[in-house]
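The next block holds one structure in the form of structure tokens; read it before the comments.
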Amino acid sequence: MTDRVEPGQPAADSDQFVDALKKGLKTDALRILEQTDFDADAGDGLPLRVSIELGFVEIASQLLVAGANPNAAAGMSKCPIVLALENEYFDLAELMLSKGAEISIRDQNGWTPLIWAAIKGRQKVVEFLIKRGADIHVCSDDGWNAITGAFFKNHKPIVKFLSDHGAKFGEKYREAALLSAYEHGSIDIVKSLIFDGVSVNIGTAEGQPLLILVLARGDLEMLDLLLKAGADVNIRDIAGNPALVSAIANAQYPGAIRLVEHGASANVKGLKWAAIHLAARYGRTDLCQVLLEAGASVDQLGDSSHTALMLACEENHVETVQLLLEHGADPHRENAKGRTPERLSLNALGNATETTLFLRQAGGG
């Protein structure tokens, strides 16, 4: 019993050739290949694909010279050139290209060799393909191109290489890439995407706007990027509060001031409070000054008909009270429970506080 193919047997077909390769019978495979009636493209290019998969590079080269189609099996999971590049058979890949292999041929998912290499993190292969003119912008069926795939698979060196060669993120995933880049601290990618025109008024899957995330973290560098790119300064958070109110509620006062400087409405109200109410409650006299100069209504009503003056009195913020009075705050207005600023300034025991005394001296009692 033998696995060898004896000389003089009837002309062998591709099945015998493939079987010889799988058994490691290289000499027999070569003998079959040399037969004049051997079909190098039989089985949709099966001889070529199996030769590459099993590492018989010499035989694969001979098949190509004999006329095997390097684009056979297009639309399958892996095209011949991808099989060669997967094993870094670069000389074989070069031969394929010289024999007409399509450098941007697609597989069953619409992936080109470059997309495949970028997603798999194959730096050398990516460089090989780019050097030989692979289409850097083409997208797969699901909208990924090379740089998109490399980015979401966290292959940073490949992302940089592709970016340096002019790659742009695929349209379908540009916004997701911007959010992800910010979350992972890839500011260069963020800047690149913004420069390419990606909207900065985007949000997470839960609906939280990027601007709100940036404000909550006190990230002034990123905030400046968004504002310069035209971010909506009055955008509302997932709870319904405008960005300015959200920033003050999270004690992000520098960010709040930047919003006002870029045109955020000083009077826009959140679910319960406007910006002036929160600034007064927290004793942020500087922020109150900014808001008032931007047109904030000093007696705007908040929850339970509280004014900013009432909230400042309640928290005993004397300097803030003084500022509000100087801007015309009404010291006699009553809230929904009929309490005036002076009444609210009294401590838990009903005794006068420093704010109470100031109000009385100012004629607000």
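Okay, residues lined up against (1) closer than 27 Å to residue 260 by Cα; (2) within 45 Å of the chain's Cα centre (by Cα):
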site: 284; (1), (2): yes, yes
site: 304; (1), (2): yes, yes
site: 323; (1), (2): yes, yes
site: 328; (1), (2): yes, no
site: 331; (1), (2): yes, no
site: 339; (1), (2): no, no
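Pull up region 46-71, narrow it to residues that are more than 22 Å from residue 130 (Cα to Cα), of a type outside the set (S, T, N, Q) and part of a loop (DSSP other than H, G, I, E, B), then point me to the one that is farthest from the chain's Cα centre (by Cα).
So, considering only residues that are more than 22 Å from residue 130 (Cα to Cα), of a type outside the set (S, T, N, Q) and part of a loop (DSSP other than H, G, I, E, B), the one farthest from the chain's Cα centre (by Cα) is 66.
Scan 275, 247, 251, 239 and give me the residue that is in the same structural domain as residue 212 (by TED's automatic domain parsing), within 23 Å of residue 203 (Cβ to Cβ) and buried (at least 24 other Cβ atoms within 10 Å of the Cβ).
Going through 275, 247, 251, 239 in turn, the sole match is 247.
So if I check each of 187, 136, which one is touching a residue at least 24 places away in the same chain (Cβ under 8 Å) and either polar (S, T, N, Q) or closer than 27 Å to residue 231 by Cβ (or both)?
Just a single option satisfies the conditions, and that option is 187.
Table: residues versus (1) buried (at least 19 other Cβ atoms within 10 Å of the Cβ); (2) polar (S, T, N, Q); (3) in a helix (DSSP H, G or I).
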position: 169; (1), (2), (3): yes, no, no
position: 172; (1), (2), (3): no, no, yes
position: 177; (1), (2), (3): yes, no, yes
position: 180; (1), (2), (3): no, yes, yes
position: 189; (1), (2), (3): yes, no, yes
position: 218; (1), (2), (3): no, no, no
position: 221; (1), (2), (3): no, no, yes
position: 226; (1), (2), (3): yes, no, yes
position: 230; (1), (2), (3): no, no, no
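Which of (1) of a type outside the set (Phe, Trp, Tyr); (2) surrounded by fewer than 20 Cβ atoms within 10 Å (Cβ to Cβ); (3) modelled with pLDDT of 95 or more is the odd one out, the single condition residue 266 does not satisfy?
Here residue 266 meets the rest and fails (2).
I need the full set of residues from region 299-334 which are closer than 17 Å to residue 287 by Cβ and among the acidic types (Asp, Glu), in order please.
315, 319, 326
Hey, could you check region 160-214 for residues that are within 24 Å of residue 141 (Cβ to Cβ) and among the acidic types (Asp, Glu) and say which is nearest to the chain's Cα centre (by Cα)?
175
Considering only region 213-226, I want to know if a residue exists there that is in contact with a strand residue (DSSP E or B) (Cβ under 6 Å, 6 or more places away or on another chain) and assigned by TED's automatic domain parsing to the domain that holds residue 254.
no
Can you tell me how many residues within region 49-84 are farther than 20 Å from residue 117 by Cβ and either among the aromatic types (Phe, Trp, Tyr) or at pLDDT 90 or above (or both)?
Total meeting the criteria: 13.
Pairs needed: first member in region 317-332, more than 12 Å from residue 288 (Cβ to Cβ); second member anywhere, of a type in the set (Phe, Trp, Tyr) and crowded, with 17+ Cβ neighbours inside 10 Å; C-beta distance under 7 Å; at least 6 residues apart or different chains.
318/358
Please go through region 302-325 and pick out each residue that is at pLDDT below 95 and either under 22 Å from residue 264 (Cα atoms) or charged (D, E, K, R) (or both).
302, 303, 314, 315
Starting from residues that are among the polar types (S, T, N, Q) and assigned to a helix (DSSP H, G or I), keep the ones in region 299-351 and report whichever is surrounded by the most Cβ atoms within 10 Å (Cβ to Cβ).
Step one: filter region 299-351 for residues among the polar types (S, T, N, Q), giving 300, 304-305, 307, 316, 320, 322, 335, 340, 345, 347, 351.
Of the ones still in play, those that are also assigned to a helix (DSSP H, G or I) are 304-305, 320, 322, 345.
Numbers: 304: 11, 305: 14, 320: 27, 322: 17, 345: 29.
Only one residue tops the list, namely 345.
Looking for something at pLDDT below 95 and of a type in the set (A, V, I, L, M) - is there at least one such residue anywhere in region 272-292?
Within region 272-292, not a single residue is at pLDDT below 95 and of a type in the set (A, V, I, L, M).
The values are calculated or read from the model by the stated rules, or taken from the named source; none is laboratory data. As the structure is a prediction and not an experimental result, all values here were calculated from the model. Cβ sites come from the backbone with ideal geometry, for glycine too, and all protein chains shown count toward neighbours.
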